[in-house]
Amino acid sequence: MNPDEKILRPDKHLRSYIPYVLAVITAIKILAVVFCAPIMGYANNFDFTRQSHCTGLWQVYPDSPAAAKHVEKPVNSLLFSGNKNLQRCMRSADNFFPWVVTKFHRIGDHVDFREISLCRTLFITASFMLLIFLIDDLTVKILISSLFFLVFGDLVNLLYFNTLYLEFSVIAGCFLSLSAAVWLMASSKRPSWPMMVFSMSALSWLGLSKQQYMPFAALLSVFLSVSIFLRWKNKRMTFAFVLLALLLPLGYERFNPNSTGIMKKVNFANKTDTFLGAVLEAADDRKGALSILGLSDTCMEGIGKNWYSPGIQQNHPCPQIETLSRVRLFRLFILQPSTFFKPMYKALIRICPFYSNRLGHLERPADRESGRYGLFKITSFSNLLVALPRPMYFWMIVISMISWPVFMFLAIRGDQPMKKNSEHYRLMFTMLSLGGLTVFYAVVSSVFGDGYADISKHTVVLINGMIFQVGAVGLKLFPHKV
């Protein structure tokens with residue numbers, strides 16, 4: 001036996017434990033945050049009702065109605081009243097977690113938020129362990145485990161566990177989808193059917209979690225189909241991902257039709273925030289912009305206002321917006337570029353510090369000064385981004401958003417100029433491209449999907465994307481082939 005082999009084998013044996021050590025550390029931090037008392041979690045901006053109407057599980061307050069918003073702080077008090085209204089229910093994959101909790105309670109029972117958190121913790125931990133099991137390269141296992149720690153060890157993300165928001169499933173579905181996509185696109189080994197099924201399940205979870213991220217899941221499916229066809233000529237797998245990309249929009253529309261119920265009102269609100277609150281306000285020629293969009297001059301008085309401006313909902317100044325297609329924005333962007341660049345600039349500035357300043361997240365606000373809270377925050381990746389000088393932060397995000405097509409081209413081609421360690425570079429390019437695409441989609445879909453409303457909440461996967469790109473840079477620490 002080669003003497004060098006004897007030296008290397010123990011090292012490789014020890015390295016094989018790193019993914020599981022990182023998983024345990026992450027699970028400990030998740031539990032430490034979501035199970036602390038008093039609880040930590042984002043306060044209710046009224047959107048809790050979208051899940052409550054589906055499950056019959058309601059937030060209750062001592063001084064206001066159950067359906068009211070309560071932005072000051074989270075309150076660890078849920079009531080399983082059983083009251084549902086499917087017209088106001090937003091059907092989402094995330095409804096699974098409170099639904100499971102209700103199966104252990106009777107009508108009239110009070111429920112602890114941490115019961116829902118436990119379901120979510122078990123889901124993401126089990127899903128991650130299955131993902132690691134399906135990846136058979138140690139370097140990639142360690143890499144994905146490191147990303148798992150950064151994503152689910154981040155306080156900004158963990159605060160969604162103790163809520164009735166849908167964002168937990170967006171974060172989880174995005175992480176699992178990106179991780180599986182990295183392996184499928186970058187691995188030197190032919191894709192396995194178990195990993196393909198896992199990837200399609202993760203994409204389905206992401207696509208059915210929230211309307212905003214359904215197109216993103218479909219887009220990832222398209223990129224996976226192209227990559228698999230060009231590299232492996234596997235027609236069945238290619239067809240499977242193409243079919244998924246087609247079924248996701250149809251499935252979401254089937255569960256949440258835009259023409260009725262809560263989705264009709266949500267779409268009108270989102271378009272109001274987008275067209276009046278963001279795009280038209282940024283136009284150099286507002287009258288010309290209205291003409292390009294096919295809107296009447298009477299809409300002029302609504303420019304600069306959003307859905308929550310006084311009187312808008314009672315007497316909308318531009319009702320034509322409700323049926324206006326966002327496709328018209330492309331022509332406006334070309335003729336008046338300021339309508340694209342100004343809202344994007346404002347959004348990037350407003351996203352930081354990645355959680356809404358108007359939503360409390362500590363049931364006991366005095367805990368903000370505690371050492372425990374300080375430790376949770378300082379060990380979060382988002383805290384590093386917040387600490388960056390604003391110009392550095394801004395240009396880092398911009399470069400991330402505009403560079404992804406180049407890296408995607410290099411990743412999919414698979415015949416990069418770097419012949420040496422080409423598989424290593426393919427992995428790096430794949431992570432840079434998918435991370436940048438995630439950042440780009442998060443910002444663009446938020447700004448031109450709902451204007452500046454809850455911009456930090458809507459761009460929730462931006463941190464995911466940045467972490468994947470940081471992971472690509474960190475590959476220099478792992479000079480091994482995939």
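Side notes on the structure shown:
- Residue match in the stretch 304-322 (condition: buried (at least 16 other Cβ atoms within 10 Å of the Cβ) and of a type in the set (S, T, Y)): no
- Only listed residue being free of Cβ contacts under 8 Å to residues at least 40 places away in the same chain and open to solvent by 40 Å² or more (accessible area, probe 1.4 Å), chosen from I28, I18: I28
- Selection within the stretch 159-207: residues that are of a type in the set (F, W, Y) and in a helix (DSSP H, G or I). The member of this set that is most open to solvent (accessible area, probe 1.4 Å) is W193.
- For the stretch 247-261, a residue qualifies if it is in contact (Cβ under 8 Å) with a residue 24 or more places away in the chain, part of a helix (DSSP H, G or I) and under 22 Å from S204 (Cα atoms), and the qualifying residues are L248, P249, G251, Y252, F255.
- Number of the condition not met by H70 [criteria: (1) crowded, with 18+ Cβ neighbours inside 10 Å; (2) more than 23 Å from F255 (Cβ to Cβ); (3) at pLDDT 95 or above]: (3)
- Residues being part of a loop (DSSP other than H, G, I, E, B) and in contact with an Asp or Glu (Cβ under 8 Å, 6 or more places away or on another chain) - total across the stretch 93-116: 1
- Selection of the stretch 131-146 for residues being open to solvent by 20 Å² or more (accessible area, probe 1.4 Å) and part of a helix (DSSP H, G or I) yields F133, L134, L138, K141, S146.
The values are calculated or read from the model by the stated rules, or taken from the named source; none is laboratory data. Note that the coordinates shown come from a computational prediction; the quantities given were computed from them, not determined experimentally. When we count neighbours, we look across all protein chains shown, and the Cβ atoms used for this are built from the backbone with ideal geometry, even at glycine. These accessible areas exclude ligands, DNA and RNA; they are computed on the full protein's heavy atoms, side chains included. Shrake-Rupley method; radii C 1.70, N 1.55, O 1.52, S 1.80 Å.
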